[in-house]
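First the structure, then my questions, so here it is.
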Amino acid sequence: MGSMGKMVMRFLHKRSLATLPSQLIEKGQNRVVEASLTLIRERAKLKAELVQALGGSIATTCLLGVPLGHNSSFLQGPAFAPPRIREAIWCGSTNSATEKGKELKDPRVLTDAGDVPIQEMRDCGIEDERLMRTISDSVKFVMEEHPLRPLVLGGDHSISYPVVRAVTEQLGGPVDILHLDAHPDIYHSFEGNKYSHASSFARIMEGGHARRLLQVGIRSITKEGREQGKRFGVEQYEMHSFSKDREFLENLKLGEGVKGVYISIDVDCLDPAFAPGVSHLEPGGLSFRDVMNIVQNLQGDIVAADVVEFNPQRDTVDGMTAMVAAKLVRELTSKMSKLAD
């Protein structure tokens, strides 16, 4: 369908919603949300049953895609990222072993619950408040199925709020968060949107979901970003002092006394030389090995994670950033999954 055809369809869609009784719309939206949650719940249940039947897994990483891009302040391309990341993971240009020797083809190491049908719900007029709760519920369905632990594929960074909220509600207490990003994403509200990808960590801290929040790779931060960091007691590690902070950051010990560790990796934490396929290009970032050293050396029980803000529409022709995002997912999987000796 051409662009004019799409515009006509959107017009007719909005007009039809405006003329329908609100009760009828609400009932239809309820069915769509219920169907969306049923899909995730049953897929997670099926994958967990398979892992349990194989035996020997203490923790299995489970991918969950959240293809949401409309809370981006610049480009909405991250909505297209989850399938591109999966394609890169399994494309065959490299083997399926992680750097630490775990085998991704083993379902006890990595499994997949599919994507939350974000666009399908938005097409039915479902607003962000409910959309965020549906994301949270989807994450909980994964966590309810032992031994699955969610590794969420964004999507823009607004998804981290409902994901972290779900993790702490499900576990019954806060976590320590390691957040790698060029930006602190801690505006109280950005451009009038409290669910903006630039405000996700303000919502997380307001909700008491994190005991400690460490933000690493920061090199684009405003006065408000620093003030919000001080307000919430955030540990912000900016790139201009990374050489001084390196030894500390490459020997982190997190999660003791709380429910575990959550890792959020915005792909733009990396220098654009390593990952050009992002919406916000910020020179002077981390190298890929910097990120690996921080993640692989981290001591702590990683209960969940996300990889966000990869924008396929900005990637190179050969999909370089897709492979970088896939590598981040592979090595987070290696860190999160645990097999019995």
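Given the criteria farther than 28 Å from GLU169 by Cα, open to solvent by 30 Å² or more (accessible area, probe 1.4 Å) and in a loop (DSSP other than H, G, I, E, B), does SER243 qualify? Steps first, answer last, please.
Numbers: farther than 28 Å from GLU169 by Cα: yes; open to solvent by 30 Å² or more (accessible area, probe 1.4 Å): yes; in a loop (DSSP other than H, G, I, E, B): no.
The answer is no for SER243.
Go through the residues of region 300-312 one by one and say whether even a single one is without any contact (Cβ under 8 Å) to a residue 24 or more places away in the chain and assigned to a loop (DSSP other than H, G, I, E, B).
As a first pass, look at region 300-312 and keep what is without any contact (Cβ under 8 Å) to a residue 24 or more places away in the chain: none.
Within region 300-312, none of the residues are without any contact (Cβ under 8 Å) to a residue 24 or more places away in the chain and assigned to a loop (DSSP other than H, G, I, E, B).
Kindly indicate whether any position in region 189-200 is out of contact with any strand residue (DSSP E or B) (no Cβ under 6 Å at 6 or more places or on another chain), surrounded by fewer than 21 Cβ atoms within 10 Å (Cβ to Cβ), among the polar types (S, T, N, Q) and assigned to a helix (DSSP H, G or I).
No, that holds for no residue.
So the check is Cβ under 6 Å with 6+ separation or different chains; which pairs have a first residue in region 204-226 that's open to solvent by 40 Å² or more (accessible area, probe 1.4 Å) and among the β-branched types (Val, Ile, Thr) and a second one that's modelled with pLDDT under 95 and assigned to a strand (DSSP E or B)?
Correct list of pairs: empty, since none qualify.
Taking MET205 and the conditions (1) closer than 17 Å to SER279 by Cβ; (2) out of contact with any strand residue (DSSP E or B) (no Cβ under 6 Å at 6 or more places or on another chain); (3) not hydroxyl-bearing (Ser, Thr, Tyr), which numbered condition does it fall short on, given that it satisfies the others?
Condition (1) is where MET205 drops out.
Taking helices (runs of 4 or more DSSP H) that do not extend beyond region 1-119, which have at least 1 residues that are under 30 Å from VAL303 (Cβ atoms), at pLDDT 95 or above and open to solvent by 40 Å² or more (accessible area, probe 1.4 Å)? Quick ask: steps written out before the conclusion?
Numbers: elements: 3-19, 22-54, 81-89.
Ranges flagged: 22-54, 81-89.
Return the only residue of LYS327, LYS230 being of a type in the set (Lys, Arg), under 24 Å from LEU68 (Cβ atoms) and open to solvent by 40 Å² or more (accessible area, probe 1.4 Å).
Values: LYS230 fails: under 24 Å from LEU68 (Cβ atoms).
Checking each option against the conditions leaves just LYS327.
Testing CYS124 on (1) in a strand (DSSP E or B); (2) open to solvent by 30 Å² or more (accessible area, probe 1.4 Å); (3) farther than 18 Å from TYR262 by Cα, one condition comes back false. Which one is that?
That leaves (1) as the condition not met.
The values are calculated or read from the model by the stated rules, or taken from the named source; none is laboratory data. The model shown is predicted, which means the values in this text are computed figures rather than measured ones. FYI the Cβ positions are ideal-geometry reconstructions off the backbone, even for glycines, and counts take in every protein chain you see. For the accessible areas, the whole protein counts, side chains as well, though only heavy atoms, and no ligand, DNA or RNA atoms are used. Shrake-Rupley method; radii C 1.70, N 1.55, O 1.52, S 1.80 Å.
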